[in-house]
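Student: Take a look at this one; I'll ask things after.
The values are calculated or read from the model by the stated rules, or taken from the named source; none is laboratory data. Please read all numbers here as calculations on a predicted model, not as lab measurements. All Cβ positions, even for glycine, are placed from backbone atoms using ideal geometry, and neighbour counts span all protein chains on display. The protein model used for the area step is the full one, side chains on, heavy atoms only, and it has no ligands, DNA or RNA in it. Shrake-Rupley method; radii C 1.70, N 1.55, O 1.52, S 1.80 Å.
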Amino acid sequence: KNKKEEFVYSGGLIEFVKWINKSNEVLHKPIYFKREINGSIIDIAIQYTLGYKENIFGFVNTINTVEGGTHISGFKTALTRAINDYANKNKMLKTGNLTGDDVREGLTVIVSVKVPEPQFEGQTKTKLGNSEIKGIVDSISMVALTQFFEENPAIARKIVNKSLESQKARSAARKAKELIRRKNVFG
């Protein structure tokens, strides 16, 4: 008989994210949004943990895109911008904008897109190459995240504060490295 493997979660992506984070302390309930534009369906679930690991899963037409691609880069860009916008608007930034690394620490996200004509790149064909998908995922995510942050300020602040802690730690690590290098030069 023909056997076919598919990722199916009865609760959809929200249950999938909860399952991935089941052994972690989470910062908030999953953030979820789904939109359709020009025949493409964008389905995204996000949840931060108190940890430092970044879990980003991309799917295109139920195929796991382990190498990422345009749907993932579109999401990352929007996430960084949406968090910085919220933090700026609420005067939470003291030392400049947060970087992508700062905002993705402890992040678990599933970006699932259904695309009529996917173009895959890479040797293993596990990287999405459709350039228009980057812009679509970026704009949908930006609008959805901005709206979510405005409606859920307590969660938005938790996410910004986690990102700020990450920024502080990265800055301290950089200063420590520079200090060691300087000592070595003059030693």
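Student: Out of THR95, VAL26, PRO118, whose Cα points farthest toward the positive end of the dipole of the chain (charges: +1 Lys, Arg; -1 Asp, Glu; placed on Cβ)?
Tutor: Of the options given, the answer is THR95.
Student: Related question: Give me the percent of accessible area attributable to carbon and sulfur for the stretch 30-102, probe 1.4 angstrom.
Tutor: 52 percent
Student: Looking at the chain, identify the longest residue range that excludes and avoids all trypsin sites (Lys or Arg not before Pro) in DSSP loops having at most 15 other Cβ atoms within 10 Å.
Tutor: The reported range is 126-187.
Student: While we're looking at this one, here's another question. Per residue, how large is the accessible surface of the stretch 1-124? Use a 1.4 angstrom probe and give square angstrom.
Tutor: 57 Å²
Student: Roughly how many whole Å is it from the C-alpha centroid of the stretch 74-91 to that of the stretch 133-187?
Tutor: Each part reduced to its Cα centre gives a spacing of 10 Å.
Student: What ³J(HN,Hα) values, in whole Hz, does the Karplus curve 6.51 cos²θ - 1.76 cosθ + 1.60 give for the stretch 123-128 when θ = phi - 60°, with x put for Gly and Pro?
Tutor: 4, 8, 6, 10, 9, 6
Student: Name the residues whose placed amide hydrogens come within less than 5 Å of the amide hydrogen of ASN61, ignoring near sequence neighbours (fewer than 5 apart) on the same chain.
Tutor: VAL113, LYS114, VAL115
Student: Give the calculated FRET efficiency between ILE37 and LYS91 to the nearest 0.05, with a Förster radius of 30 Å applied to their Cβ-Cβ distance.
Tutor: Efficiency at R0 = 30 Å is approximately 0.35.
Student: What is the spin-label model distance, in nm, from PHE120 to GLU150 if the labels are put 7 Å beyond Cα along the C-beta direction?
Tutor: Between PHE120 and GLU150, the label points sit 3.9 nm apart.
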